[in-house]
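None of the figures in this text is laboratory data; all of them are computed from the coordinates on show. Model, not experiment: these values are computed from the prediction. When we count neighbours, we look across all protein chains shown, and the Cβ atoms used for this are built from the backbone with ideal geometry, even at glycine.
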Amino acid sequence: MKYKVLLIEHDLSSLRVLKRVIGKANLDVISATTLVQAKTIFNNSSPESFLCAVVDYNLPDAQHGEAIDFAIDSFVPVIVITSSTDGDIRDNILSKAVVDYIPKKNAQIYEYLSRLLIRLEKNKNIGVLVVDSQRKRRSAMTSLLKRHNFIIHERSSAESLTDYLSENANIKLMIIDNDLKNGLGIDAVSEVRRNFNKDNLSIIGSSLASTAGENSRVLANFLKSGADDYLAKPYCHEEFFVRVMQNIEYLEQIELIRKTANADYLTGLPNRRHFFLQVNEHLNRDLKHKTLALMDLDFFKTINDTFGHDHGDVVLKEFSKLLAKHFNEYVISRFGGEEFCVFLPNVSLTKALPLLDNFRTAISKKRFTRKGVSVQCTVSIGVTSKFKRKIESMLMFADENLYKAKDNGRNCIVSD
């Protein structure tokens, strides 16, 4: 689903630039220059189709932020842009349930807005768990998080916290108060860290401290117990959002690094290194059956020489998509060039062969098209269930069978 953004801005120059910024975030822009126009747009649309509204604080028919109230009342997250950030205007904006505000004088306005829009869309799939014994404090925090489209989870105690996190895999951030009914948040963090490392779950500790010294002590104990950050109460909601975003983005950067290290750059499939890591994890278990298939595209060099490497890349990408679709339950990899591999744990050779032949047939019928030019391609497959202590032995047997498949005329499967 492609979301829309309602842009309410009366300055035509700013309107044009903001439209381009929002469009680059892959979002549809619906624009209005007055509050009256915005109301007409909403009367003919569903608020659920809007990711958010980007609203100028001062409009010809709404000079004191009335358009912000309208968008909030329509249950749409609001980002405010403003020419003035004097005390009264800033206080007025922050008194409302807005996502954020951006001064027009800020040279980074467009970059920040683009980042914020992308963030709002991503947040729809990210869970945040708030753990606090006091309902009022939980509600205040979850209200802020909802503005940013997070999936909200609440707990009043640390009881069975690890189980709850295991059952809700979308939770990427936990914000936990130290003063809980059944113990200290610091102890709960230490327990959670036994099962969830910092690459998979960020934790922000929080506390209402009576003195600066006590605040420093609690902060240090939270960090030593495994928390990533600390939020002192009472807090400014701008600080709250900054800390939340930094911790979420840290996890995303770790995931990107991991994906880059483990994935083939062209097809996105697991690379050879990651394939061995995954297979060895399976081999450490007591598997009744082990089947491995080594695949090679037939006459792939001819495709590159005849139609160019760009067309060859299309073949590799489309082949990879079909491979992932047919064998999504198993371990797959691009080994390099036009060679691919599939490891099927707990699948016998007898059961694996029909699966592989269905895939071979699908490839032979597939047309790979680029710029109106279509080519067909076939695949040869060598399969083995022989195993001698290491995966390398299976690869050797599968490679021998692959060569036999090539010698047998290609577009066929040879097994033990």
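General remarks:
- Amide H to amide H, with H built 1.01 Å from N, residue 29 comes under 5 Å of 5, counting only residues 5 or more places away or on other chains.
- Given charges at Cβ of Lys, Arg, Asp, Glu: the stretch 272-415 dipole, positive-most of 306, 384, 347: 347
- Spatial separation of Cα centroids for the stretch 170-217 and the stretch 380-400, in angstrom: 49 Å
- With the simple model of a label 7 Å out from the Cα in the direction of the Cβ, residue 258 to residue 108 spans 2.8 nm.
- Computed from backbone phi with θ = phi - 60° and the Karplus coefficients 6.51, -1.76 and 1.60, the 3J(HN,Hα) list for the stretch 303-312 is 4, 4, 5, 7, 10, x, 5, 5, 5, x Hz; x is used for glycine and proline.
- Positive minus negative residues near residue 29 (Lys, Arg vs Asp, Glu; Cβ under 12 Å): +4
- For the stretch 31-88 versus the stretch 94-155, the gap between their alpha-carbon centres in whole angstrom: 18 Å
- Global form of the stretch 185-308, assessed from the alpha-carbon gyration tensor, a/c cut-off 1.5: oblate
- Phi-based couplings in Hz for the stretch 406-416 (Karplus 6.51, -1.76, 1.60; Gly and Pro marked x): 5, 5, 7, x, 6, 6, 8, 10, 10, 10, 4
- Calculated percent of Cα pairs over 38 Å apart (choose from (1) 23; (2) 29; (3) 45), label: (3)
- Report note on the peptides 231-239, 311-319: ranked by the mean count of other C-beta atoms within 10 Å, highest first, their order is 311-319, 231-239.
- Near the amide H of residue 291, within less than 5 Å, lie the amide hydrogens of 344, 346, 347, all on another chain or at least 5 residues away, with H placed in the peptide plane.
- Highest to lowest packing among 76-88, 367-379, scored as the average C-beta count within 10 Å: 76-88, 367-379
- Ratio of Rg to Rh over the stretch 126-262 (Cα coordinates, Kirkwood Rh, two decimals): 0.95
- Once divided by 2.2 N^0.38 Å, the Cα radius of gyration of the stretch 147-211 becomes 1.12.
- Taking 26 Å as the limit for the C-alpha separation, the pairs 321/351; 96/198; 39/146; 96/233; 2/365 exceed it in the case of 96/198; 2/365.
- The chain - mean residue ellipticity at 222 nm from DSSP helices (-39,500 (n - 2.57) per run, n ≥ 4, rounded to 500): -14500 deg cm²/dmol
- All other residues whose Cβ lies under 11 angstrom from that of residue 208 are scored, Lys and Arg at +1 and Asp and Glu at -1, for a net of -2.
- Radius 14 Å from Cβ of residue 123, net charge of other residues (Lys, Arg +1; Asp, Glu -1): +3
- Across the stretch 106-197, the relative contact order, built from alpha-carbon pairs under 8 Å that are at least six residues apart, equals 31 percent.
- In sequence order, calculated HN-Hα J values of the stretch 61-78 (Karplus, 6.51, -1.76, 1.60; Hz; x Gly/Pro): 10, 7, 8, 10, x, 5, 5, 5, 4, 4, 5, 5, 5, 8, 6, 10, x, 10
- Amide H to amide H distances under 5 Å link residue 154 with 130, where only residues 5 or more positions off or on other chains count and H is placed in the peptide plane.
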